[in-house]
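Let me begin by presenting the structure, written as structure tokens, before commenting on it.
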Amino acid sequence: MPTWRLRDFHDDDLDRAIQIWDQDRQAEDGPAVFPVSEVMAAARSGEPAVVAVVGNDVVGMAVAQSQGDRAWITLVALAAMWRNRGIGSSLIVELERRLRSRGTRRIAALLTPGATGTAALENCGYTPRGGLVFYEKTEHLGASDTGLLAELGGRVQPPGLWEALVGMEQEKEVIERRIVLPLAEPALADQYGVRPPKAVILFGPPGTGKTSFAKAIASRLDWPFVELFPSRLAASGDGGLAASLRDAFGDLAELQSVVLFIDEVEEIAGVRSGLAADPARGVTNELLKLIPGFRDHDDRLMICATNSVRFLDPAFLRPGRFDYVIPVGPPDPVARAAIWRRYLGPAADGVDLDRLVSASEMFTPADIEFAARKGAHAAFERELADREGRPVGTEDFLAAVAETRPTLTDHALVDFREDIEQYVRV
């Protein structure tokens, strides 16, 4: 029977070490506590790492990471035919020797139950401790992603945007059930055969909150948010809009996770004329080719927004490209009341909310926000002038409503209802 020996890990051992790790993972339940990329990076950076070899073949490996007088054993892996031969215990003993030379006094290991190395640890005198709960939080923006995200003009949205969305409860419920929950609970979704969405379309009149919903989804998922502006892409490269679009999607593929938002997507996915000379034809074709590649990656969501879905190319709307086509309409009276309350703040208790809701029938959330600020500022300027201590009141806000041109029109609402009947897919 061939004998084995121990030696330091060398960079040339990397491929074989990963193969052994893969064999172990196939035989175990649950995800690894320490990902192989992290373990191998530690081994290559000089942390204690030992391999067992038979001839020139690596058959086992153990890695630790140390800090001060504390160390963690992050990997004990053995080739299948070399298990239960004492190699694991020898690897651990050798790790201990190296850690002691660094001043380590406390050595711990965190493994899934029954994983390779559990028996070896107990044989070496390690005591399993019950009554502990393992907590973990994954940050979706690595150090290498930060610079790229800045180059793309993206950012991580602040927490709480989803909770801050008021009114629009019907739209919020649909987006929560169809988009947010399957992405936030991927393991449970997979258990029930639910495929998380990869691309969706939000449509509705201007100012109804499509951008706010996109940012709130990114905030809720804690994923970076990147908005692509077709007009900027057209001016950013020498190869034209199609080439710039292709380059942008190539950069996005480097991010670990992302919510990609494209507003007014009809600018790059409008109905094609069918003429070879149509300048929009090549751009739309390019986007149609890029979407399947984007969908192939986990932790990716594309949200496209348009004021009127009827202006999008029919090929763009096929179910294989977009999972859902969701309307985001104007606020009803209940929603308008909630939106007024949000933007009135402390002044909400001293105004006739019903009158404001009635007066703002054709207002979008953005219109209500503008009118609330305008009314408050008018009262502020009045107080600066006369110093009478009069609080902001209903009449201040009604005056602001009268001076605000509503975004919604009867024609836009008719088109929106027709689009709902023809295009909605939820």
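A Cβ-based charge dipole, computed about the Cα centre of the chain with Lys and Arg at +1 and Asp and Glu at -1, lands at about 1360 debye. Inverting the pair-averaged 1/r between distinct Cα atoms of the range 143-330 gives 17.0 Å as its Kirkwood hydrodynamic radius. Computing FRET efficiency as 1/(1 + (r/R0)^6) for residue 390 and residue 334, where r is the C-beta to C-beta distance and R0 is 25 Å, gives about 0.25. Legend: calculated FRET efficiency, residue 38 to residue 112, from the Cβ-Cβ distance at R0 = 22 Å, rounded to 0.05, equals 0.90. For the pair the range 203-232 and the range 39-90, the centres of their Cα atoms are 46 angstrom apart.
For the range 378-426, which trypsin sites (Lys or Arg not before Pro) are in a loop by DSSP, counting at most 13 other Cβ atoms within 10 Å?
387
Spin-label pair residue 352-residue 176: with each label point 7 Å from Cα along the Cα-Cβ axis, the two points sit 3.4 nm from one another.
Mean residue ellipticity at 222 nm, helices only, the chain: -13000 deg cm²/dmol; runs of at least 4 DSSP H residues each add -39,500 (n - 2.57), and the sum is divided by the number of residues. The angle between the Cα long axis of helix 410-423 and the main principal axis of the chain comes to about 40°, on a 0 to 90 degree scale.
Restricting the calculation to Cα atoms, the range 333-402 shows an Rg/Rh of 0.97 when the hydrodynamic-style radius is the Kirkwood one. Considering only DSSP beta bridges where both residues belong to the chain, give the percentage that are antiparallel (nearest 5). Of the beta bridges lying entirely in the chain, close to 50 percent run antiparallel. What is the calculated FRET efficiency for residue 189 to residue 19, with r their C-beta to C-beta distance and R₀ = 41 Å, to the nearest 0.05? Given R0 = 41 Å and the Cβ-Cβ separation, E is 0.85.
For the range 5-123, with only Lys/Arg (+1) and Asp/Glu (-1) charged at the beta-carbon, what is the dipole magnitude about the Cα centre, in debye rounded to 20? Intermediate values should be presented prior to the final figure.
Values: 14 positive and 16 negative charges, 110 e Å.
It comes to approximately 520 debye.
Note on the chain: the alpha carbon radius of gyration divided by the globular reference 2.2 N^0.38 Å gives 1.34.
Every read-out reported here was derived from the displayed coordinates using simple, explicitly stated rules and does not represent laboratory data. Keep in mind that what you see is a predicted model, and the values were worked out from it rather than measured. Using ideal geometry, Cβ is built from the backbone for each residue, glycine included, and neighbour counts are taken over all protein chains shown.
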